[in-house]
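Structure first, then comments.
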Amino acid sequence: MSSSDFEQAFDSSEPPRSGNKGRSGFGEGPRRWGGPVIGFVVMAVLLLAFITGRGGIVEIEDAQVAVVVNYLNGEVELFEQPGYQIFLPFVKQAFLFDKSPQKFFMQGNEDRSENHVTKLTVRASDGSNLFFEEVEIQYELIPSKAGDVLYDSGPGDSFKLEWIRSFARSILRDEFGKFSATQVADPTVYGTATAEVRAKLNEMLEPHGVKIIQIVTPKPKFDAAYEKAIEDRKLANQEVERMRTKAQQLKQERDRRLASIDAERAVEFEVLKGELEKSRVDADRERVRVERSADAYSRGTVAEGEARRSRLTEEARGMADKARKEAEGLSAKIAALEKQGEVLVRERLAQRLSEMSFELVPYTRDPAPDRVQLEGAEALLEGGK
């Protein structure tokens, strides 16, 4: 009912019939002011209902989740879809929660807000102190557990105030404190520690409807002397790494040169192999030529020998025939000589003697020789002298 309805109700009512004007005037005040007051009260009640989420309608934005609680049966409903949600007013109440990613910082030397506290200091396992200039923890509300968030933390942004702050510092100190200062300075180590912190925080916070998205931890820092020692060690490590890289480069250069030499030797070997193969082919060709020439010479020599043998055979046959004929002639002569006898011998002797020159020296043994004897006549006849 609006305030105008209340005013009409008061205006249409009959005035009192008493004759007392003062009393009648006194009764006209509530009728004149009662309607606006009741309307204002109704409007205030409705506005308060809408402000407190009991008005029966609520607008849910993109980054919000709504929890509607039924006070009659205690049921809880969750709404994540953006837009307007209508429910039974006064009996139910809607609570809106921010589900967008949030950031919690550990930075500086004093607390600035619930989500911005002092920097993180850690005592390493070797007793040295280290700190992080800025640690950023990104977290968000788990929409499906918004009802648990309402019961554990209360309405609105209450879940942002205590949960991260309560657990983050102690868990970060515990995990990073497991390592020595040298180990913590290793990016691999503090990356592993950061992952372990995230896992443990989620294990503790998820039952309360909060999830860690990411933890950003910069390189830890130490006091000046320790920082200098770390820097010196870093430079030494860099020098060692440079020398190792140089050694690796020299090894690669050596391998490259060896490979080049091997390649050159392989080329030379192939060239020599080719030359040897060419020489072998030439030698085989020369061998074939020589063999062919030898075969030709052999055939020629054999043919020549055969021809000469044939010729000599013919000559031998001719000589044999000649000798046979001469022998036959000698045989005939011998036969004739046998027939003629001493006459022929003497003729022959005379013939031989006619061909000889004689030098006579007078010699006498008997002044009156009966005959003359020639000494050595037979030798002369045989020697032709």
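Only the coordinates and a few stated rules stand behind these numbers; no lab work does. These figures come from a predicted structure and were not determined experimentally. All Cβ positions, even for glycine, are placed from backbone atoms using ideal geometry, and neighbour counts span all protein chains on display.
A simple spin-label model places the labels of Asp126 and Asp157 4.3 nm from each other, with each point 7 Å out along Cα-to-Cβ.
Stretched out straight at 0.36 nm per residue, the stretch from Tyr84 to Asp255 would grow longer than its current Cα-Cα span by 54.1 nm. Taking the Cα centroid of segment 85-126 and of segment 292-314, what is the distance between the two, rounded to the nearest whole Å? Here the two parts' Cα centres lie 124 Å apart. Computed 3J(HN,Hα) for segment 237-254, one whole-Hz value per residue from the Karplus formula 6.51 cos²θ - 1.76 cosθ + 1.60 where θ = phi - 60°, is 5, 5, 5, 4, 5, 5, 5, 5, 5, 4, 4, 5, 5, 4, 4, 5, 5, 4, glycine and proline marked x.
Taking amide hydrogens as placed 1.01 Å from N in the peptide plane, the amide H of Gly108 sits under 5 Å from those of Lys119, each at least 5 positions away in sequence or on another chain. Derived scalar couplings between HN and Hα for segment 322-335 equal 4, 4, 5, 5, 4, 4, 5, x, 5, 4, 5, 4, 4, 5 Hz in order, rounded to whole Hz, by the Karplus curve 6.51 cos²θ - 1.76 cosθ + 1.60 (θ = phi - 60°), x for Gly and Pro. Ranked for footprinting exposure by Cβ neighbours inside 10 Å, fewest first, Leu72, Leu150, Leu141 give Leu72, Leu150, Leu141. For segment 254-326, the normalised intensity computed at q = 0.16, 0.27 Å⁻¹ comes to -0.77, -1.05 (log10 of I(q)/I(0), Debye sum over alpha carbons, equal scatterers, no solvent). Listing Phe87, Phe159 from fewest to most neighbouring C-beta atoms within 10 Å gives Phe87, Phe159. Measuring r between the beta carbons of Ala263 and Arg289 and using R0 = 45 Å, the FRET efficiency lands at 0.70. Phi angles across segment 77-89 convert, under the Karplus curve 6.51 cos²θ - 1.76 cosθ + 1.60 with θ = phi - 60°, into 3J(HN,Hα) values of 10, 10, 10, 10, 6, x, x, 9, 10, 9, 8, 6, x Hz, Gly and Pro given as x. Stretching Thr301 away from Lys119 to a fully extended chain increases their span by 53.8 nm, per 0.36 nm per residue minus the current alpha-carbon distance. Annotation note: trypsin sites (Lys or Arg not before Pro) in segment 159-264 located in DSSP loop regions with a Cβ neighbour count of at most 16 within 10 Å are Lys178.
Dividing the alpha-carbon radius of gyration of segment 127-277 by the rule-of-thumb value 2.2 N^0.38 Å gives 1.92. Close amide H contacts of Ile213 (hydrogens built in the peptide plane, cut-off under 5 Å, sequence separation of 5 or more or a different chain): Gln138, Tyr139, Glu140.
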